Amino acid sequence: MSRPPQRLDPLLASTNRLAMMAVLHDVDQVEFVTLRDRLGVSDSVLSKLIGGLAEPGYVTVRKGVLGGRRTTWVAATRRGHRALTGHVAALRALIAHVGTAEPERSLSRQ
């Protein structure tokens, strides 16, 4: 019995959200400023990205002090890791045929 195909996660359709989850996938946590610089976005954009992924439980946010200054740490949750790996699997399945065969001349419902 074959497994049903993975579905693209609409929460990760945004390039910035996908990039953020990819960064978080490889680390335990990342400081807000580091994440902002890695993604090349402004503080306000990153705050919105974090909020959009914190609400469904894909990331957690922890406030703390580092070197005498307040900072924010962001981490992917298990749910976030699963969402990312499922989304990537769906992307791979979607593009698996690209570059492997000659394109068809037309496509119709028939």
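The values are calculated or read from the model by the stated rules, or taken from the named source; none is laboratory data. Because the structure is predicted, anything quoted here is derived from the model rather than measured. Please note: Cβ atoms are built from the backbone with ideal geometry, for glycine as well, and neighbour counts cover all protein chains shown.
Restricting attention to the stretch 24-45, does a residue exist that is modelled with pLDDT of 95 or more, under 24 Å from ARG7 (Cβ atoms), of a type in the set (Val, Ile, Thr) and not in a helix (DSSP H, G or I)?
no
Counting only residues that are aliphatic (A, V, I, L, M) and farther than 21 Å from PRO10 by Cα, which one in the stretch 47-68 is surrounded by the fewest Cβ atoms within 10 Å (Cβ to Cβ)?
VAL65
If ALA19 satisfies all but one of (1) of a type outside the set (D, E, K, R); (2) closer than 23 Å to VAL88 by Cβ; (3) touching a strand residue (DSSP E or B) at 6+ places or on another chain (Cβ under 9 Å), what's the number of the condition it fails?
That leaves (3) as the condition not met.
Being of a type in the set (Val, Ile, Thr) and more than 16 Å from VAL30 (Cβ to Cβ) is the filter; apply it to the stretch 62-85 and report the residue that is modelled with the highest pLDDT.
THR85
Would you check which residues across the stretch 46-80 are touching a Phe, Trp or Tyr at 6+ places or on another chain (Cβ under 8 Å), in a strand (DSSP E or B) and touching a residue at least 40 places away in the same chain (Cβ under 8 Å) and list them?
THR71, THR72, TRP73, VAL74, ALA76
Test of understanding: among ARG78, ARG69, ARG62, which residue is closer than 27 Å to ILE95 by Cβ, out of contact with any helix residue (DSSP H, G or I) (no Cβ under 6 Å at 6 or more places or on another chain) and charged (D, E, K, R)?
That would be ARG78, the only listed residue that is closer than 27 Å to ILE95 by Cβ, out of contact with any helix residue (DSSP H, G or I) (no Cβ under 6 Å at 6 or more places or on another chain) and charged (D, E, K, R).
Does any residue of the stretch 54-61 turn out to be more than 27 Å from GLN6 (Cβ to Cβ), of a type outside the set (A, V, I, L, M) and modelled with pLDDT of 95 or more?
no
Can you tell me which residue among THR15, THR77, THR71 is among the β-branched types (Val, Ile, Thr) and loosely packed, with under 10 Cβ neighbours inside 10 Å?
Step by step, each of THR15, THR77, THR71 is checked, and only THR15 is among the β-branched types (Val, Ile, Thr) and loosely packed, with under 10 Cβ neighbours inside 10 Å.
The conditions are (1) of a type in the set (S, T, N, Q); (2) farther than 20 Å from ALA13 by Cα; (3) surrounded by fewer than 17 Cβ atoms within 10 Å (Cβ to Cβ), and SER44 fails exactly one of them. Which is it?
(2)
When the stretch 75-102 is examined, which residues are found to be among the β-branched types (Val, Ile, Thr) and under 13 Å from the mean Cα position of the chain (by Cα)?
Correct list: THR77, THR85, VAL88.
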